[in-house]
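Engineer: Mind having a look at this structure? Questions to follow.
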Amino acid sequence: MKRILITGGAGFIGSHVVRRFVKNYPDYQIINLDKLTYAGNLLNLTDVEGGSNYEFIKGDIVDAAFITELFTTYQFDAVVHLAAESHVDRSIASPMEFVMTNVIGTVNLLNAARENWKGDYSKKRFYHVSTDEVYGALGESGMFTEATAYDPHSPYSASKASSDHFVRAYHDTYGLDVVISNCSNNYGSHHFPEKLIPLAINNIKNNKAVPVYGKGENVRDWLWVEDHARAIDVIFHQAKAGETYNIGGHNEWKNIDLIKLLCKLMDQKLGREEGASAQLITYVTDRAGHDLRYAIDSSKLQQQLGWVPSLQFEEGLAKTIDWYLENEQWLDDVTSSNYQSYYETQYAER
Ligand code: NAD
Ligand code: DAU
C-alpha cells in the first residue's frame, strides 16, 4: 500500500485531488494534512469522510517539529503538496503569511521527506503543485512554456516561485524525486468566494455590486478544477523525476467578457430579465501590480502524457453556477465562518 500525504486537501483544489485519489485508488492510504485556515473547509470532503483509505490531520506545515514527527509516524511514500496561502489580494495586504506557509512550510516538508527517505528515493515522490503566476505577465501575445524564465510580481507569486526553486534545489542537490506543475486559473465547485468567479456568482445572487478591477482588460486562462486534479493524477503517476509540466485550459478570457458571460448565464438561471445582472458590474481601483495576461502552453503535458482538458468553458461555468445555487448553505457557511466549527464537532474525540 502506498501512503500518500496530501497537504492543503481541505482547500478548493486540494479537496478535488483528495476526492479523486481516495475514490480512484482504494489501495492507497490518503492522509490529508490541513491547517484549516479561512480557506480550508472539511465540508468540502463529507463524501469521503469515514472512508477506510482516508484520514484527516489538522496541522500546520510551518511547524517543523510537528512535520518531522508526522513523517516518522506515518512513513509516507509520497507527498502531493498543495497547502498554501493562495489569494493574490491577501498577499498584497499581508505578505509575511505567504512567506511562512508557501516558502518555510514547503522547505519543512522537503527537509522531512529528505530525512525520512534517507537518500533512497527509488519509490518515493515529492509533487509540488504550483502556479503559472511564477512566470510573470504576458503582453498581447505569446504563452508561458516550461522554459519561460521566472518573473513573479506579487508577494504570492514571489513566494510560489521561491518554493519552486527550493523544490528543484532539493532535486539537484540531494537527488530527491520531485515533480512540479504550474497551472493556470481554476474554476469549479468548492471555490472560496473571494476569488473572481465564485465572488461574482455570490454577489449577483445577492444583488450586490460585482467589482471589476481597473478596466477589466486583464486576461486569465481558465481551467475546470477536475481537469486540474486529473492532470495532477497523471503527472504524479507518469512523470520522470525532476520534470515540470504546465497545465492550462487554452481558454483565455478578458475579465470583463467573463463577467458579462456570467451575468448572462445568471439571468437565465435566476429567471431575471436579460441584462439585469450586468447592471451590478462596478469598476473599482485596480489591483497593485496587476499582471495583464496569463496563457499556458500545455503541449508538453498533452504530447508526453496524453492529458487534455475535458470541458468547454460555457458548460463548466453553467455547472459551476448550478453548484453554487444548489449549495446555498455551503456559501452561507463559508461567508459566515460557520464551517470552522465543523472540525470540532466531527473530530474533537480523535
Ligand atoms: P485554497 O486557498 O483554496 O486552499 C489552500 C489550503 O491550504 C486550505 O485548505 C488551507 O487551510 C491550507 N493551508 C494554508 N496554510 C496552511 C498551513 N500553514 N499548513 C497546512 N495547511 C495550510 O487554495 P487552492 O486555490 O486550492 O490552491 C491550492 C494550491 O494550488 C496552492 O498551492 C496554489 O498555489 C495552487 N494553485 C492554485 C490555482 C487556482 O486557480 N486556485 C492555480 C494554480 C495553482
Ligand atoms: O493563475 C493561477 C492563479 O489564479 C493561482 O495561482 C491563484 O492561487 C489564484 O487565486 C488565481 O489568481 P488570480 O489573481 O488570477 O485570481 P482571482 O480570482 O483573484 O482574480 C482573477 C482576475 O480577476 C484577476 O485579473 C483579478 C480580477 N478580479 C479579481 C477579483 C477577486 C477582479 O476584477 N475583481 C475581483 O473582485
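Engineer: Just to be sure before I move on: is Val107 crowded, with 24+ Cβ neighbours inside 10 Å, touching a residue at least 40 places away in the same chain (Cβ under 8 Å) and under 22 Å from Val88 (Cα atoms) in the structure I sent? It would help to see each step written out before you state the result.
Structural biologist: Working: crowded, with 24+ Cβ neighbours inside 10 Å: no; touching a residue at least 40 places away in the same chain (Cβ under 8 Å): yes; under 22 Å from Val88 (Cα atoms): yes.
So Val107 fails the test.
Engineer: Please list, ordered by first then second residue, the pairs with beta carbon atoms under 8 Å, 6 or more apart or interchain, first in segment 320-349 and free of Cβ contacts under 8 Å to residues at least 12 places away in the same chain, second not in a helix (DSSP H, G or I).
Structural biologist: Asp332/Asn338
Engineer: For Val99, state whether it is aliphatic (A, V, I, L, M), open to solvent by less than 20 Å² (accessible area, probe 1.4 Å), under 27 Å from Arg168 (Cα atoms) and within 16 Å of ligand 2 (Cβ to nearest atom). Before you say what the answer is, go through the steps one by one.
Structural biologist: Working: aliphatic (A, V, I, L, M): yes; open to solvent by less than 20 Å² (accessible area, probe 1.4 Å): no; under 27 Å from Arg168 (Cα atoms): yes; within 16 Å of ligand 2 (Cβ to nearest atom): yes.
Judged against the criteria, Val99 is not a match.
Engineer: Give me a count of the residues in segment 10-19 that are within 16 Å of ligand 2 (Cβ to nearest atom) and open to solvent by less than 20 Å² (accessible area, probe 1.4 Å).
Structural biologist: Summing the residues that are within 16 Å of ligand 2 (Cβ to nearest atom) and open to solvent by less than 20 Å² (accessible area, probe 1.4 Å) in segment 10-19 gives 6.
Engineer: Give the residue that is nearest to Gly40 (Cα to Cα), with candidates limited to residues of segment 198-208 that are surrounded by fewer than 23 Cβ atoms within 10 Å (Cβ to Cβ) and touching a strand residue (DSSP E or B) at 6+ places or on another chain (Cβ under 9 Å). Don't jump to the end; show me each part of the working.
Structural biologist: Taking segment 198-208 as the starting set, the residues that turn out to be surrounded by fewer than 23 Cβ atoms within 10 Å (Cβ to Cβ) are 199, 202-203, 205-208.
Now drop any that are not touching a strand residue (DSSP E or B) at 6+ places or on another chain (Cβ under 9 Å), which leaves 199, 203.
Details: Leu199: 17, Asn203: 21 Å.
Of everything passing the filter in segment 198-208, Leu199 is nearest to Gly40 (Cα to Cα).
Engineer: Residue under question is Phe126, and the condition is that it be touching an Asp or Glu at 6+ places or on another chain (Cβ under 7 Å) and within 16 Å of ligand 1 (Cβ to nearest atom); does it hold? Break it down stepwise before answering.
Structural biologist: Details: touching an Asp or Glu at 6+ places or on another chain (Cβ under 7 Å): yes; within 16 Å of ligand 1 (Cβ to nearest atom): yes.
Yes; evaluated as a whole, the condition is true for this residue.
Table: residues versus (1) over 27 Å from Leu292 (Cβ atoms); (2) open to solvent by less than 10 Å² (accessible area, probe 1.4 Å).
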residue	(1), (2)
Val210	no, yes
Arg220	no, no
Leu223	no, yes
Asp227	no, yes
Gln238	yes, no
Asn246	no, yes
Lys254	no, no
Asp257	no, no
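Engineer: Shifting gears a bit: If you go through segment 20-35, how many residues are open to solvent by 40 Å² or more (accessible area, probe 1.4 Å) and not aromatic (Phe, Trp, Tyr)?
Structural biologist: In the first step, residues of segment 20-35 are kept if they are open to solvent by 40 Å² or more (accessible area, probe 1.4 Å); the result is 20, 23-27, 35.
Going one step further and asking which of them are not aromatic (Phe, Trp, Tyr), we end up with 20, 23-24, 26-27, 35.
Number of matching residues: 6.
Engineer: Return yes or no: is Leu305 near ligand 2 (Cβ under 10 Å from one of its atoms) and not polar (S, T, N, Q)?
Structural biologist: Working: near ligand 2 (Cβ under 10 Å from one of its atoms): no; not polar (S, T, N, Q): yes.
No: the conditions fail for Leu305.
Engineer: Using the structure shown, decide if Ser189 is near ligand 1 (Cβ under 10 Å from one of its atoms), hydroxyl-bearing (Ser, Thr, Tyr) and either under 28 Å from Asn327 (Cα atoms) or crowded, with 22+ Cβ neighbours inside 10 Å (or both). Break it down stepwise before answering.
Structural biologist: On the way: near ligand 1 (Cβ under 10 Å from one of its atoms): no; hydroxyl-bearing (Ser, Thr, Tyr): yes; either under 28 Å from Asn327 (Cα atoms) or crowded, with 22+ Cβ neighbours inside 10 Å (or both): yes.
So Ser189 fails the test.
Engineer: Kindly provide the set of residues from segment 309-342 that are touching an Asp or Glu at 6+ places or on another chain (Cβ under 6 Å) and small (Gly, Ala, Ser), ordered by number. Outline the logic, then answer.
Structural biologist: From segment 309-342, those touching an Asp or Glu at 6+ places or on another chain (Cβ under 6 Å) are 309-310, 339; that's our starting set.
Within segment 309-342, Ser310 is the sole residue that qualifies.
Engineer: Output the residues belonging to segment 74-91 that are part of a loop (DSSP other than H, G, I, E, B) and either closer than 19 Å to Cys183 by Cβ or basic (Lys, Arg) (or both).
Structural biologist: Taking segment 74-91 and keeping what is part of a loop (DSSP other than H, G, I, E, B), we get 75-77, 82-87.
Within segment 74-91, Leu82, Ala83, Ala84, Glu85, Ser86, His87 meet the criteria.
Engineer: Where in segment 237-350 are the helices (runs of 4 or more DSSP H), entirely inside, with at least 1 residues that are more than 30 Å from Tyr121 (Cβ to Cβ)?
Structural biologist: 255-270, 313-326, 328-336, 340-347
Engineer: Contact list please: Cβ distance under 6 Å, first residue in segment 25-49 and within 8 Å of ligand 1 (Cβ to nearest atom), second residue part of a strand (DSSP E or B) and open to solvent by 20 Å² or more (accessible area, probe 1.4 Å), pairs at least six apart or on different chains.
Structural biologist: Leu33/Ile57; Leu36/Lys58
Engineer: For Ala147, work out the one condition from (1) touching a Leu at 6+ places or on another chain (Cβ under 8 Å); (2) open to solvent by 10 Å² or more (accessible area, probe 1.4 Å) it doesn't fulfil.
Structural biologist: Just one mismatch for Ala147, condition (1).
Engineer: Counting just the residues of segment 316-350 that are open to solvent by 40 Å² or more (accessible area, probe 1.4 Å) and modelled with pLDDT of 95 or more, which one comes out nearest to Lys35 (Cα to Cα)?
Structural biologist: Going through the qualifying residues, I end up with Asn327.
Engineer: Could you tell me which of the residues Leu262, Leu176, Leu270 is open to solvent by 40 Å² or more (accessible area, probe 1.4 Å) and more than 16 Å from Leu301 (Cα to Cα)?
Structural biologist: On the way: Leu262 fails: open to solvent by 40 Å² or more (accessible area, probe 1.4 Å); Leu176 fails: open to solvent by 40 Å² or more (accessible area, probe 1.4 Å).
So the residue among Leu262, Leu176, Leu270 that is open to solvent by 40 Å² or more (accessible area, probe 1.4 Å) and more than 16 Å from Leu301 (Cα to Cα) is Leu270.
Engineer: Out of everything in segment 220-236 that is within 12 Å of ligand 2 (Cβ to nearest atom) and not in a helix (DSSP H, G or I), what residue ends up being nearest to His16 (Cα to Cα)?
Structural biologist: As a first pass, look at segment 220-236 and keep what is within 12 Å of ligand 2 (Cβ to nearest atom): 220-223, 225, 228.
Subset that is not in a helix (DSSP H, G or I): 220-223.
Working: Arg220: 21, Asp221: 19, Trp222: 16, Leu223: 13 Å.
Looking at the filtered set, the residue picked out is Leu223.
Engineer: Considering only segment 150-173, state which residues are open to solvent by 50 Å² or more (accessible area, probe 1.4 Å) and over 20 Å from Leu305 (Cβ atoms).
Structural biologist: Tyr150, Asp151, His153, His165, Phe166, Asp172, Thr173
Residue by residue, here is whether (1) under 17 Å from the mean Cα position of the chain (by Cα); (2) not in a helix (DSSP H, G or I) holds:
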| residue | (1), (2) |
| --- | --- |
| Tyr121 | no, yes |
| Tyr127 | yes, yes |
| Glu133 | yes, no |
| Thr148 | no, yes |
| Asp151 | no, yes |
| Tyr156 | yes, no |
| Ala169 | no, no |
| Val179 | yes, yes |
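The values are calculated or read from the model by the stated rules, or taken from the named source; none is laboratory data. Fair warning: this is a prediction, and the values are worked out from it, not measured in the lab. Note that each Cβ is placed from the backbone with ideal geometry, even for glycine, and that neighbours are counted across all protein chains shown. Side chains included, ligands, DNA and RNA excluded: accessible areas come from the protein's heavy atoms. Shrake-Rupley method; radii C 1.70, N 1.55, O 1.52, S 1.80 Å.
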